[in-house]
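K.L.:
One structure, pasted below without further comment.
The values are calculated or read from the model by the stated rules, or taken from the named source; none is laboratory data. What you see is a predicted model, and the numbers here were worked out from it, not measured in a lab. Cβ placement follows ideal geometry from the backbone for every residue including glycine, while neighbour counts extend to all protein chains displayed.
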Amino acid sequence: MSELPMDARRASHTFPPESIAQIQRMAEEGHYEIRGWGAKRRLPTFDDLVFLTASVSRYPLEGYRERCETRTVLGSRRAGVPIELDIPVTIAGMSFGALSAAAKTALGRAATAVGTSTTTGDGGMTDEERDASHLLVYQCLPSRYGFNPVDLKRADAIEIVIGQGAKPGGGGMLLGQKVSERVAGMRTLPPGIDQRSASRHPDWVGPDDLRIKIEELREATSWEKPIYVKLGATRVTNDVKLAVAAGADVVVVDGMQGGTGATQDVFIEHAGIPTLPAVRLAAEALRELGVEDEVQLVVSGGIRTGADVAKALALGADAVSLGVAPLIALGCNSRTYTAGGVEHDVTADYHALGTEPGYCHHMHTGRCPVGIATQDPALEARLDVDEGTRRVVNYLRSVTMELTTLARACGKSDVHNLEPEDLAALTMEAAAMAGVPLAGTDWIPGR
Ligand code: SF4
(Lines give C-alpha, C1' and ligand atoms only; values in the text may rest on other atoms or scores of the structure.)
Protein backbone atom coordinates (compact mmCIF):
# COMPACT_ATOMS: atom_id res chain seq x y z
CA MET A 1 0.00 0.00 0.00
CA SER A 2 1.43 3.36 -1.01
CA GLU A 3 1.88 5.95 1.74
CA LEU A 4 -0.28 9.08 1.64
CA PRO A 5 1.71 12.27 1.06
CA MET A 6 2.03 14.01 4.44
CA ASP A 7 2.83 17.69 4.92
CA ALA A 8 5.58 17.69 7.52
CA ARG A 9 3.94 20.70 9.25
CA ARG A 10 0.30 19.60 9.03
CA ALA A 11 -1.31 20.18 12.43
CA SER A 12 -3.72 17.72 13.99
CA HIS A 13 -7.24 19.00 14.61
CA THR A 14 -7.53 16.79 17.66
CA PHE A 15 -4.09 17.58 19.02
CA PRO A 16 -3.05 20.97 17.58
CA PRO A 17 0.25 22.45 18.86
CA GLU A 18 -1.48 24.30 21.72
CA SER A 19 -3.08 21.06 22.98
CA ILE A 20 0.26 19.31 22.78
CA ALA A 21 1.88 22.16 24.72
CA GLN A 22 -0.90 22.10 27.33
CA ILE A 23 -0.63 18.34 27.89
CA GLN A 24 3.14 18.58 28.12
CA ARG A 25 2.89 21.43 30.65
CA MET A 26 0.38 19.48 32.78
CA ALA A 27 2.62 16.41 32.63
CA GLU A 28 5.59 18.49 33.71
CA GLU A 29 3.97 20.54 36.46
CA GLY A 30 1.12 18.34 37.70
CA HIS A 31 -1.55 21.04 38.01
CA TYR A 32 -4.12 22.92 36.00
CA GLU A 33 -3.71 26.43 34.65
CA ILE A 34 -4.88 29.36 36.75
CA ARG A 35 -5.27 32.74 35.08
CA GLY A 36 -7.20 35.97 34.99
CA TRP A 37 -9.31 37.78 32.33
CA GLY A 38 -12.23 35.95 30.65
CA ALA A 39 -12.93 33.40 27.96
CA LYS A 40 -10.59 33.62 24.98
CA ARG A 41 -12.31 31.06 22.76
CA ARG A 42 -14.59 32.29 19.99
CA LEU A 43 -18.17 32.61 21.25
CA PRO A 44 -21.45 33.95 19.87
CA THR A 45 -21.53 37.66 20.71
CA PHE A 46 -23.67 40.73 20.24
CA ASP A 47 -21.64 41.31 17.04
CA ASP A 48 -23.86 38.68 15.46
CA LEU A 49 -26.87 41.03 15.78
CA VAL A 50 -27.62 44.25 13.86
CA PHE A 51 -30.20 46.98 14.34
CA LEU A 52 -33.05 47.53 11.88
CA THR A 53 -32.87 51.29 12.16
CA ALA A 54 -35.56 53.71 10.99
CA SER A 55 -36.46 54.32 7.36
CA VAL A 56 -39.92 54.85 5.78
CA SER A 57 -41.95 52.73 8.17
CA ARG A 58 -40.68 54.72 11.18
CA TYR A 59 -38.66 57.87 11.57
CA PRO A 60 -35.40 58.44 13.45
CA LEU A 61 -34.77 61.13 16.06
CA GLU A 62 -32.31 63.95 15.45
CA GLY A 63 -29.07 63.38 17.34
CA TYR A 64 -28.36 67.02 18.07
CA ARG A 65 -31.87 68.28 18.78
CA GLU A 66 -34.00 65.50 20.22
CA ARG A 67 -33.36 64.05 23.63
CA CYS A 68 -32.84 60.33 24.23
CA GLU A 69 -33.36 59.42 27.87
CA THR A 70 -30.82 57.17 29.59
CA ARG A 71 -31.96 57.46 33.22
CA THR A 72 -32.25 54.06 34.88
CA VAL A 73 -33.79 53.01 38.19
CA LEU A 74 -32.75 49.76 39.87
CA GLY A 75 -34.45 48.26 42.89
CA SER A 76 -37.92 49.75 42.58
CA ARG A 77 -39.64 46.50 43.59
CA ARG A 78 -39.32 46.70 47.37
CA ALA A 79 -36.43 48.97 48.32
CA GLY A 80 -37.29 52.21 50.06
CA VAL A 81 -34.42 53.98 48.30
CA PRO A 82 -33.88 52.57 44.80
CA ILE A 83 -30.67 53.26 42.90
CA GLU A 84 -31.08 56.06 40.37
CA LEU A 85 -28.50 56.08 37.59
CA ASP A 86 -27.93 58.63 34.82
CA ILE A 87 -26.89 55.89 32.42
CA PRO A 88 -27.73 52.16 32.18
CA VAL A 89 -24.06 51.20 32.40
CA THR A 90 -22.57 50.26 35.77
CA ILE A 91 -19.17 49.08 36.99
CA ALA A 92 -19.12 45.41 37.99
CA GLY A 93 -17.81 43.95 41.22
CA MET A 94 -14.03 43.60 41.29
CA SER A 95 -12.27 43.05 44.56
CA PHE A 96 -9.72 45.13 46.35
CA GLY A 97 -7.04 42.48 46.31
CA ALA A 98 -7.57 41.51 42.71
CA LEU A 99 -7.29 45.24 41.91
CA SER A 100 -5.10 47.87 43.50
CA ALA A 101 -6.62 50.54 45.74
CA ALA A 102 -5.65 53.10 43.07
CA ALA A 103 -7.64 51.22 40.42
CA LYS A 104 -10.68 50.94 42.71
CA THR A 105 -10.49 54.65 43.44
CA ALA A 106 -10.27 55.60 39.76
CA LEU A 107 -13.24 53.38 38.90
CA GLY A 108 -15.29 54.90 41.75
CA ARG A 109 -14.48 58.46 40.73
CA ALA A 110 -15.28 57.75 37.09
CA ALA A 111 -18.60 56.10 37.95
CA THR A 112 -19.50 59.09 40.11
CA ALA A 113 -18.60 61.54 37.34
CA VAL A 114 -20.94 59.88 34.84
CA GLY A 115 -23.72 59.27 37.38
CA THR A 116 -23.55 55.54 37.76
CA SER A 117 -22.66 52.96 40.40
CA THR A 118 -19.66 50.83 41.08
CA THR A 119 -19.43 47.61 43.08
CA THR A 120 -17.15 46.19 45.76
CA GLY A 121 -15.92 42.58 45.38
CA ASP A 122 -14.67 39.55 47.25
CA GLY A 123 -12.78 41.14 50.11
CA GLY A 124 -14.93 43.96 51.34
CA MET A 125 -15.24 47.72 51.04
CA THR A 126 -12.29 50.10 51.27
CA ASP A 127 -12.62 53.64 52.55
CA GLU A 128 -11.12 54.91 49.30
CA GLU A 129 -13.77 53.34 47.11
CA ARG A 130 -16.58 54.38 49.47
CA ASP A 131 -15.34 57.97 49.38
CA ALA A 132 -14.83 57.91 45.61
CA SER A 133 -18.19 56.32 44.76
CA HIS A 134 -21.43 58.22 44.99
CA LEU A 135 -23.35 54.96 44.52
CA LEU A 136 -21.66 51.81 45.80
CA VAL A 137 -23.10 48.31 45.61
CA TYR A 138 -21.77 46.07 48.39
CA GLN A 139 -21.32 42.42 47.53
CA CYS A 140 -22.24 39.55 49.84
CA LEU A 141 -20.18 36.63 48.56
CA PRO A 142 -19.88 33.00 49.62
CA SER A 143 -16.53 33.74 51.26
CA ARG A 144 -18.02 36.61 53.33
CA TYR A 145 -14.54 38.19 53.30
CA GLY A 146 -14.83 41.75 54.55
CA PHE A 147 -18.62 41.50 54.92
CA ASN A 148 -19.76 43.31 58.06
CA PRO A 149 -22.74 45.28 59.41
CA VAL A 150 -20.88 48.60 59.39
CA ASP A 151 -20.19 48.50 55.68
CA LEU A 152 -23.67 47.10 55.06
CA LYS A 153 -25.02 50.38 56.39
CA ARG A 154 -22.52 52.41 54.33
CA ALA A 155 -23.63 50.73 51.10
CA ASP A 156 -26.26 51.99 48.66
CA ALA A 157 -27.36 48.53 47.53
CA ILE A 158 -26.51 44.92 48.37
CA GLU A 159 -25.56 42.30 45.78
CA ILE A 160 -25.74 38.66 46.86
CA VAL A 161 -23.35 36.81 44.60
CA ILE A 162 -24.43 33.25 43.88
CA GLY A 163 -22.05 32.89 40.97
CA GLN A 164 -19.96 34.64 38.34
CA GLY A 165 -19.92 34.11 34.59
CA ALA A 166 -16.21 33.30 34.49
CA LYS A 167 -16.58 30.56 37.09
CA PRO A 168 -20.20 29.57 37.76
CA GLY A 169 -20.21 26.93 40.47
CA GLY A 170 -16.70 27.84 41.56
CA GLY A 171 -15.05 30.27 43.93
CA GLY A 172 -12.51 32.99 43.34
CA MET A 173 -8.81 32.83 43.96
CA LEU A 174 -6.26 35.29 45.18
CA LEU A 175 -2.76 33.97 44.91
CA GLY A 176 -0.38 34.64 47.77
CA GLN A 177 1.64 37.29 45.94
CA LYS A 178 -1.43 39.57 46.05
CA VAL A 179 -2.39 38.87 49.67
CA SER A 180 -0.69 41.91 51.18
CA GLU A 181 -0.91 42.82 54.87
CA ARG A 182 -3.85 45.11 54.15
CA VAL A 183 -5.70 42.61 51.92
CA ALA A 184 -5.10 39.86 54.49
CA GLY A 185 -6.37 42.07 57.29
CA MET A 186 -9.63 42.79 55.49
CA ARG A 187 -10.15 39.08 54.86
CA THR A 188 -8.87 37.91 58.28
CA LEU A 189 -6.41 35.60 56.55
CA PRO A 190 -2.64 35.23 56.82
CA PRO A 191 -0.67 37.40 54.34
CA GLY A 192 1.23 35.84 51.48
CA ILE A 193 -0.81 32.62 51.42
CA ASP A 194 -2.92 31.55 48.41
CA GLN A 195 -6.57 32.13 49.16
CA ARG A 196 -9.44 30.20 47.61
CA SER A 197 -12.92 31.58 48.13
CA ALA A 198 -15.86 29.31 48.86
CA SER A 199 -18.03 28.27 45.95
CA ARG A 200 -21.30 28.36 47.91
CA HIS A 201 -22.68 30.38 50.77
CA PRO A 202 -22.09 28.82 54.17
CA ASP A 203 -25.61 29.27 55.48
CA TRP A 204 -27.83 28.01 52.72
CA VAL A 205 -28.33 24.96 50.60
CA GLY A 206 -31.25 26.08 48.48
CA PRO A 207 -33.67 28.80 47.37
CA ASP A 208 -35.53 28.92 50.71
CA ASP A 209 -32.31 29.87 52.44
CA LEU A 210 -31.75 32.60 49.85
CA ARG A 211 -35.16 34.02 50.75
CA ILE A 212 -34.20 34.04 54.42
CA LYS A 213 -30.89 35.77 53.63
CA ILE A 214 -32.66 38.45 51.60
CA GLU A 215 -35.08 39.08 54.46
CA GLU A 216 -32.19 39.33 56.92
CA LEU A 217 -30.44 41.87 54.72
CA ARG A 218 -33.65 43.88 54.31
CA GLU A 219 -34.13 43.99 58.05
CA ALA A 220 -30.50 44.94 58.60
CA THR A 221 -30.83 47.83 56.16
CA SER A 222 -34.31 49.00 57.27
CA TRP A 223 -35.91 47.92 53.96
CA GLU A 224 -34.18 50.83 52.27
CA LYS A 225 -31.52 49.28 50.08
CA PRO A 226 -32.14 47.31 46.91
CA ILE A 227 -31.11 43.67 47.05
CA TYR A 228 -29.51 42.34 43.88
CA VAL A 229 -28.89 38.65 43.24
CA LYS A 230 -26.02 37.88 40.86
CA LEU A 231 -25.96 34.60 38.93
CA GLY A 232 -23.39 32.99 36.68
CA ALA A 233 -25.28 32.13 33.48
CA THR A 234 -26.03 28.42 33.38
CA ARG A 235 -29.65 27.31 33.96
CA VAL A 236 -30.78 30.89 33.56
CA THR A 237 -34.55 30.42 33.35
CA ASN A 238 -34.88 28.45 36.56
CA ASP A 239 -32.26 30.47 38.44
CA VAL A 240 -33.85 33.82 37.58
CA LYS A 241 -37.30 32.58 38.60
CA LEU A 242 -35.98 31.25 41.91
CA ALA A 243 -34.12 34.51 42.62
CA VAL A 244 -37.32 36.48 41.97
CA ALA A 245 -39.35 34.11 44.15
CA ALA A 246 -36.77 34.58 46.92
CA GLY A 247 -37.41 38.33 46.81
CA ALA A 248 -34.65 39.85 44.64
CA ASP A 249 -35.22 43.44 43.53
CA VAL A 250 -32.63 43.16 40.77
CA VAL A 251 -31.29 40.07 39.03
CA VAL A 252 -27.75 40.29 37.62
CA VAL A 253 -26.90 37.64 35.03
CA ASP A 254 -23.21 37.27 34.19
CA GLY A 255 -22.44 35.45 30.94
CA MET A 256 -19.43 33.23 30.35
CA GLN A 257 -17.41 36.09 28.79
CA GLY A 258 -17.28 37.70 32.24
CA GLY A 259 -13.81 38.38 33.60
CA THR A 260 -12.08 37.27 36.77
CA GLY A 261 -8.96 38.08 38.72
CA ALA A 262 -7.94 34.44 38.90
CA THR A 263 -9.53 31.04 38.47
CA GLN A 264 -8.98 27.77 36.71
CA ASP A 265 -8.72 28.12 32.93
CA VAL A 266 -10.98 25.07 32.59
CA PHE A 267 -13.78 27.06 34.30
CA ILE A 268 -13.25 30.16 32.19
CA GLU A 269 -13.41 28.30 28.90
CA HIS A 270 -15.79 25.43 29.64
CA ALA A 271 -18.50 26.47 32.13
CA GLY A 272 -21.61 28.55 31.63
CA ILE A 273 -23.35 29.94 28.58
CA PRO A 274 -22.54 33.12 26.61
CA THR A 275 -24.10 36.45 27.48
CA LEU A 276 -26.15 36.55 24.27
CA PRO A 277 -28.54 33.68 25.09
CA ALA A 278 -28.38 34.50 28.81
CA VAL A 279 -30.00 37.92 28.33
CA ARG A 280 -32.85 36.52 26.30
CA LEU A 281 -33.51 33.66 28.73
CA ALA A 282 -33.46 35.99 31.75
CA ALA A 283 -35.78 38.51 30.12
CA GLU A 284 -38.19 35.74 29.11
CA ALA A 285 -38.16 34.35 32.66
CA LEU A 286 -39.12 37.76 34.06
CA ARG A 287 -41.89 38.11 31.45
CA GLU A 288 -43.23 34.62 32.22
CA LEU A 289 -43.48 35.65 35.88
CA GLY A 290 -45.10 38.96 34.88
CA VAL A 291 -42.48 40.96 36.82
CA GLU A 292 -40.54 42.54 33.95
CA ASP A 293 -41.68 46.03 35.05
CA GLU A 294 -40.99 45.31 38.69
CA VAL A 295 -37.71 43.39 38.87
CA GLN A 296 -34.80 44.87 36.94
CA LEU A 297 -32.39 42.80 34.87
CA VAL A 298 -28.70 43.70 34.72
CA VAL A 299 -26.47 41.71 32.37
CA SER A 300 -22.72 41.46 32.18
CA GLY A 301 -20.03 39.43 30.51
CA GLY A 302 -17.88 40.72 27.67
CA ILE A 303 -19.79 43.95 27.01
CA ARG A 304 -17.50 46.45 25.29
CA THR A 305 -19.31 49.11 23.28
CA GLY A 306 -22.46 51.17 23.07
CA ALA A 307 -23.66 48.73 20.42
CA ASP A 308 -23.32 45.84 22.89
CA VAL A 309 -25.22 47.85 25.50
CA ALA A 310 -27.98 48.77 23.04
CA LYS A 311 -28.41 45.14 21.97
CA ALA A 312 -28.53 43.93 25.59
CA LEU A 313 -31.21 46.53 26.35
CA ALA A 314 -33.15 45.60 23.22
CA LEU A 315 -33.17 41.97 24.36
CA GLY A 316 -34.65 42.94 27.71
CA ALA A 317 -31.90 44.15 30.05
CA ASP A 318 -32.51 47.29 32.10
CA ALA A 319 -28.80 47.95 32.54
CA VAL A 320 -25.43 46.35 31.92
CA SER A 321 -22.40 45.94 34.11
CA LEU A 322 -18.84 46.25 32.82
CA GLY A 323 -15.64 44.86 34.31
CA VAL A 324 -12.82 44.13 31.87
CA ALA A 325 -13.72 47.02 29.54
CA PRO A 326 -13.22 49.76 32.16
CA LEU A 327 -9.94 48.11 33.15
CA ILE A 328 -8.82 48.39 29.53
CA ALA A 329 -9.90 52.03 29.60
CA LEU A 330 -7.77 52.47 32.73
CA GLY A 331 -4.72 51.17 30.86
CA CYS A 332 -4.88 47.36 31.04
CA ASN A 333 -2.86 45.86 28.20
CA SER A 334 -1.31 49.24 27.34
CA ARG A 335 2.28 49.29 26.17
CA THR A 336 3.02 52.37 28.27
CA TYR A 337 2.06 54.21 31.41
CA THR A 338 2.57 57.89 32.09
CA ALA A 339 3.90 59.30 35.36
CA GLY A 340 4.87 62.90 35.99
CA GLY A 341 4.18 63.70 32.35
CA VAL A 342 6.74 61.10 31.20
CA GLU A 343 5.71 58.05 29.21
CA HIS A 344 7.31 54.75 30.21
CA ASP A 345 7.39 51.67 27.98
CA VAL A 346 6.62 48.47 29.93
CA THR A 347 6.87 45.96 27.10
CA ALA A 348 9.72 44.24 28.93
CA ASP A 349 7.46 43.70 31.95
CA TYR A 350 4.87 41.98 29.76
CA HIS A 351 7.65 39.82 28.31
CA ALA A 352 8.71 38.89 31.84
CA LEU A 353 5.18 37.53 32.31
CA GLY A 354 5.48 35.60 29.06
CA THR A 355 3.05 37.79 27.16
CA GLU A 356 2.70 40.97 25.07
CA PRO A 357 0.59 44.13 25.38
CA GLY A 358 -2.76 43.21 23.88
CA TYR A 359 -2.61 39.58 25.01
CA CYS A 360 -2.15 39.85 28.77
CA HIS A 361 -4.39 37.84 31.12
CA HIS A 362 -1.98 37.82 34.04
CA MET A 363 -4.00 39.43 36.85
CA HIS A 364 -3.32 36.31 38.93
CA THR A 365 0.43 37.02 39.07
CA GLY A 366 0.16 40.32 40.91
CA ARG A 367 2.80 41.68 38.49
CA CYS A 368 0.47 43.90 36.47
CA PRO A 369 2.75 46.09 34.31
CA VAL A 370 0.36 49.06 34.50
CA GLY A 371 -0.50 49.04 38.22
CA ILE A 372 -4.12 47.89 37.99
CA ALA A 373 -4.16 44.27 39.18
CA THR A 374 -1.41 44.35 41.79
CA GLN A 375 -0.72 44.97 45.45
CA ASP A 376 2.95 45.82 44.85
CA PRO A 377 3.39 49.50 45.85
CA ALA A 378 5.96 50.17 43.11
CA LEU A 379 3.70 48.76 40.41
CA GLU A 380 0.57 50.40 41.84
CA ALA A 381 2.33 53.77 41.66
CA ARG A 382 2.34 53.42 37.86
CA LEU A 383 -1.41 54.04 37.80
CA ASP A 384 -2.12 57.76 37.87
CA VAL A 385 -5.57 57.93 39.50
CA ASP A 386 -6.53 61.28 37.93
CA GLU A 387 -5.49 60.19 34.46
CA GLY A 388 -7.18 56.79 34.92
CA THR A 389 -10.37 58.50 36.03
CA ARG A 390 -10.29 60.78 32.97
CA ARG A 391 -9.89 57.82 30.64
CA VAL A 392 -12.70 55.77 32.20
CA VAL A 393 -15.03 58.80 32.15
CA ASN A 394 -14.24 59.33 28.46
CA TYR A 395 -14.88 55.67 27.76
CA LEU A 396 -18.22 55.55 29.61
CA ARG A 397 -19.39 58.76 27.94
CA SER A 398 -18.44 57.40 24.53
CA VAL A 399 -20.32 54.17 25.21
CA THR A 400 -23.38 56.19 26.22
CA MET A 401 -23.16 58.32 23.06
CA GLU A 402 -23.00 55.18 20.93
CA LEU A 403 -26.00 53.78 22.78
CA THR A 404 -28.14 56.88 22.28
CA THR A 405 -27.02 57.18 18.65
CA LEU A 406 -28.40 53.73 17.92
CA ALA A 407 -31.55 54.30 19.98
CA ARG A 408 -32.32 57.56 18.14
CA ALA A 409 -31.70 55.87 14.80
CA CYS A 410 -34.33 53.32 15.85
CA GLY A 411 -36.72 56.20 16.60
CA LYS A 412 -36.55 55.80 20.39
CA SER A 413 -36.63 58.74 22.77
CA ASP A 414 -35.59 56.45 25.65
CA VAL A 415 -32.94 53.75 25.44
CA HIS A 416 -35.22 51.49 27.48
CA ASN A 417 -37.69 51.46 24.60
CA LEU A 418 -35.32 49.41 22.45
CA GLU A 419 -36.87 45.99 21.83
CA PRO A 420 -36.17 42.65 20.11
CA GLU A 421 -38.18 43.85 17.12
CA ASP A 422 -35.36 46.37 16.46
CA LEU A 423 -32.87 43.54 15.86
CA ALA A 424 -31.96 41.00 13.20
CA ALA A 425 -29.40 38.21 13.46
CA LEU A 426 -26.53 37.56 11.06
CA THR A 427 -26.13 33.89 11.90
CA MET A 428 -28.54 31.05 12.62
CA GLU A 429 -26.85 30.51 15.97
CA ALA A 430 -27.39 34.12 17.03
CA ALA A 431 -30.99 34.03 15.77
CA ALA A 432 -31.71 30.95 17.87
CA MET A 433 -29.90 32.22 20.95
CA ALA A 434 -31.24 35.78 20.91
CA GLY A 435 -34.70 34.83 19.68
CA VAL A 436 -34.69 37.36 16.83
CA PRO A 437 -35.16 36.60 13.10
CA LEU A 438 -32.30 35.74 10.82
CA ALA A 439 -31.64 38.84 8.67
CA GLY A 440 -33.74 38.87 5.50
CA THR A 441 -36.20 36.30 6.87
CA ASP A 442 -38.90 36.10 9.52
CA TRP A 443 -37.39 32.86 10.77
CA ILE A 444 -36.31 32.31 14.35
CA PRO A 445 -34.79 28.84 14.64
CA GLY A 446 -36.66 26.69 17.11
CA ARG A 447 -39.89 28.67 16.96
S1 SF4 B 1 -2.30 44.49 32.09
FE2 SF4 B 1 -2.71 44.19 34.29
S3 SF4 B 1 -4.96 44.31 34.45
FE4 SF4 B 1 -4.46 43.98 32.30
S5 SF4 B 1 -4.56 41.74 31.97
FE6 SF4 B 1 -2.41 42.27 32.42
S7 SF4 B 1 -2.23 42.00 34.64
FE8 SF4 B 1 -4.42 42.13 34.19
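K.L.:
Among helices (runs of 4 or more DSSP H) lying entirely in segment 357-447, which contain 2 or more residues that are of a type in the set (A, V, I, L, M, F, W, C) and within 22 Å of the chain's Cα centre (by Cα)? Don't jump to the end; show me each part of the working.
P.N.:
Details: elements: 377-380, 385-409, 428-434.
The qualifying helices (runs of 4 or more DSSP H) are 385-409, 428-434.
K.L.:
Those residues that are outside any helix (DSSP H, G or I), over 25 Å from residue 216 (Cβ atoms) and polar (S, T, N, Q), I need them from segment 98-151; list them, please. Spell out how you get there, then give the answer.
P.N.:
Going through segment 98-151, the residues outside any helix (DSSP H, G or I) turn out to be 98-100, 115-126, 133-148.
Filter again for over 25 Å from residue 216 (Cβ atoms), leaving 98-100, 115-116, 134.
Within segment 98-151, 100, 116 meet the criteria.
K.L.:
When you scan segment 297-335, how many residues do you find that are of a type in the set (Val, Ile, Thr) and within 12 Å of the ligand (Cβ to nearest atom)?
P.N.:
Looking only at that region, the number is 2.
Yes/no matrix, rows are residues, columns are (1) surrounded by fewer than 21 Cβ atoms within 10 Å (Cβ to Cβ); (2) modelled with pLDDT of 95 or more; (3) within 25 Å of residue 79 (Cβ to Cβ); (4) out of contact with any strand residue (DSSP E or B) (no Cβ under 7 Å at 6 or more places or on another chain):
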residue	(1), (2), (3), (4)
170	no, no, no, no
203	yes, no, yes, yes
232	no, yes, yes, no
250	no, yes, yes, no
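K.L.:
What residue, among those in segment 34-47 that are charged (D, E, K, R) and more than 17 Å from residue 320 (Cβ to Cβ), is nearest to the ligand (Cβ to nearest atom)?
P.N.:
35
K.L.:
Within segment 342-359, can you find the residues that are within 12 Å of the ligand (Cβ to nearest atom) and either in contact with a Ser or Thr (Cβ under 8 Å, 6 or more places away or on another chain) or of a type in the set (D, E, K, R) (or both)?
P.N.:
Answer for segment 342-359, where residues must be within 12 Å of the ligand (Cβ to nearest atom) and either in contact with a Ser or Thr (Cβ under 8 Å, 6 or more places away or on another chain) or of a type in the set (D, E, K, R) (or both): 346, 349, 353, 356, 357.
K.L.:
Right, another one. Residue under question is residue 339, and the condition is that it be surrounded by fewer than 16 Cβ atoms within 10 Å (Cβ to Cβ) and aliphatic (A, V, I, L, M); does it hold?
P.N.:
Working: surrounded by fewer than 16 Cβ atoms within 10 Å (Cβ to Cβ): yes; aliphatic (A, V, I, L, M): yes.
So residue 339 fits the description; yes.
K.L.:
For segment 58-75, does any single residue satisfy the condition of being among the hydrophobic types (A, V, I, L, M, F, W, C), surrounded by fewer than 20 Cβ atoms within 10 Å (Cβ to Cβ) and more than 21 Å from residue 306 (Cα to Cα)?
P.N.:
Within segment 58-75 (the criterion being among the hydrophobic types (A, V, I, L, M, F, W, C), surrounded by fewer than 20 Cβ atoms within 10 Å (Cβ to Cβ) and more than 21 Å from residue 306 (Cα to Cα)), the answer is no, since none of the residues qualifies.
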